[in-house]
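One structure below.
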Amino acid sequence: MIYLDNGATTWPKPESVYRAMDDFARHRAANPGRGAHAMALAAAAAVDDARLQVARLFHIAETQRVVFRASATDALNLALFGLLRPGNHAVTSPMEHNAVSRPLRALQDMGVQVTRVPADPFGWVEPQALADAVTPATRLIVLNHVSNVTGTLQDIRAAGRIARERGLLFLVDAAQSAGVVPIDVEADAIDLLAFPGHKGLLGPMGTGGLYIGPRVDTDALRPLSYGGTGGNSEEDVPPRTLPARYEAGTLNAVGLAGLAAGVRFVLEQGIERILAHERSLADRLAEGLAALPGVRVYAHPDPARRTAVVSFTVEGWEPGDLGAVLDQSFGIACRTGLHCAPDAARTIGVFPLGTVRFCPGWFTTEAEVDAAVEAVRRIVAA
């Protein structure tokens, strides 16, 4: 199989990830934070290591500000439902994943105002448009770092400065960028960063988290779930301290052991090297596909503003049918459709059918990219 669905989840994982999860399950699989015996302490140490590795990657000074959740979607729900109240205003873009769009839609029904600033036909959002949309009621700017439809890389540093200058909070959806594009929560003025473990961080599914910066009032950020945290058991309210306030229930500790190994692998390879490799493959894909008759590639013309997400359509083919042929006849795994981002599809003019999406990753080779282009060429020529 040629696996080009890394935008949904990365595969394969580094060997160190498999080994870390196997070792945890065999030797340390007690409940972290719920006991003082040696095995429970070893489990807690594995969780602490995951927190440390994530903090290193994103340049987070205080590791306790890394809160683990089941996914980036879960983290985004915590940030959005936890912060926004009736009468508040949020500014966002049409390029957001449903993990942002659907919570905001639900919050609109509860009295929250939402402005979606325009994006150009390639999915680029001018930072000034975010600034122009701010009102006296604005509390939050939320923006994805990289579009999962076009691969467009937004200028989050400029957006962060706009939020900071206006006394607003800035939430970044790093689902497509964490582990692939450099992120510095201090330099980028990020207050809240939602990240998945199973994509660019090369960890397993069921892991992810939310960075909660020092400008966020945790008394005002309501927990999304309530329950046991391993401490303060005599009280009937959640603890106020981080990260326990937002980590009720037993964590996916075996998954976090794998996540720690994945992040460590990313740090060892170097984020700039990973980005350069994936961009090179994406450029090779985009150029090869665009040269084929009837094929249209949806990518920003500036290579510095795009990453390893390559969406395309083929004249005369519905994306779902093309994806099925690629899978069944050529052994190429890709994704088709709207990619859980219907407004992004409308922005680039492919609604309601969407696109075929190729996403190379760290373990993808040039030979695999060339084979994918050749497969599309044969389909077009048939």
Inset, instruction - Evaluate the following for Thr365: is it crowded, with 21+ Cβ neighbours inside 10 Å, among the hydroxyl-bearing types (Ser, Thr, Tyr) and not assigned by TED's automatic domain parsing to the domain that holds Pro94? - result: no
Legend entry - Residue check for His97: without any contact (Cβ under 8 Å) to a residue 60 or more places away in the chain and surrounded by fewer than 24 Cβ atoms within 10 Å (Cβ to Cβ): no
Legend entry - Qualifying positions in segment 119-152 - of a type in the set (Gly, Ala, Ser) and within 18 Å of the chain's Cα centre (by Cα): Gly123, Ser147, Gly151
Legend entry - Condition check for Ser311: in a helix (DSSP H, G or I), among the hydroxyl-bearing types (Ser, Thr, Tyr) and either within 25 Å of Ser93 (Cβ to Cβ) or more than 19 Å from the chain's Cα centre (by Cα) (or both): no
Inset, instruction - Looking at (1) without any contact (Cβ under 8 Å) to a residue 40 or more places away in the chain; (2) under 15 Å from the mean Cα position of the chain (by Cα), find the lone condition where Asp155 falls short. - result: (2)
Legend entry - Residue selected from segment 274-325 under the condition among the aliphatic types (A, V, I, L, M) and at pLDDT below 95, by the criterion surrounded by the most Cβ atoms within 10 Å (Cβ to Cβ): Ala299
Inset, instruction - Could you tell me whether segment 88-109 includes any residue that is among the hydrophobic types (A, V, I, L, M, F, W, C), out of contact with any Asp or Glu (no Cβ under 9 Å at 6 or more places or on another chain), in the same structural domain as Arg161 (by TED's automatic domain parsing) and within 20 Å of Thr307 (Cβ to Cβ)? - result: no
Inset, instruction - Report yes if some residue within segment 128-145 is charged (D, E, K, R), in contact with a strand residue (DSSP E or B) (Cβ under 8 Å, 6 or more places away or on another chain) and closer than 21 Å to Ala345 by Cα; otherwise report no. - result: no
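Table: residues versus (1) over 29 Å from Phe312 (Cβ atoms); (2) touching a Leu at 6+ places or on another chain (Cβ under 8 Å).
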{"site": "Pro103", "(1), (2)": "yes, yes"}
{"site": "Leu107", "(1), (2)": "yes, yes"}
{"site": "Gly123", "(1), (2)": "no, no"}
{"site": "Asp132", "(1), (2)": "yes, no"}
{"site": "Pro136", "(1), (2)": "yes, no"}
{"site": "Arg139", "(1), (2)": "yes, yes"}
{"site": "Leu143", "(1), (2)": "no, yes"}
Legend entry - Unmet requirement for Ser71, which otherwise passes all of (1) under 17 Å from the mean Cα position of the chain (by Cα); (2) at pLDDT below 95: (2)
Legend entry - Any helices (runs of 4 or more DSSP H) falling wholly within segment 9-90 and containing at least 1 residues that are more than 30 Å from Gln108 (Cα to Cα): 15-27, 38-58
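The values are calculated or read from the model by the stated rules, or taken from the named source; none is laboratory data. For clarity, every value in this text was computed on a predicted model and none was experimentally measured. A quick note on method: Cβ atoms are made from the backbone with ideal geometry, for glycine too, and the neighbour counts reach across all protein chains shown.
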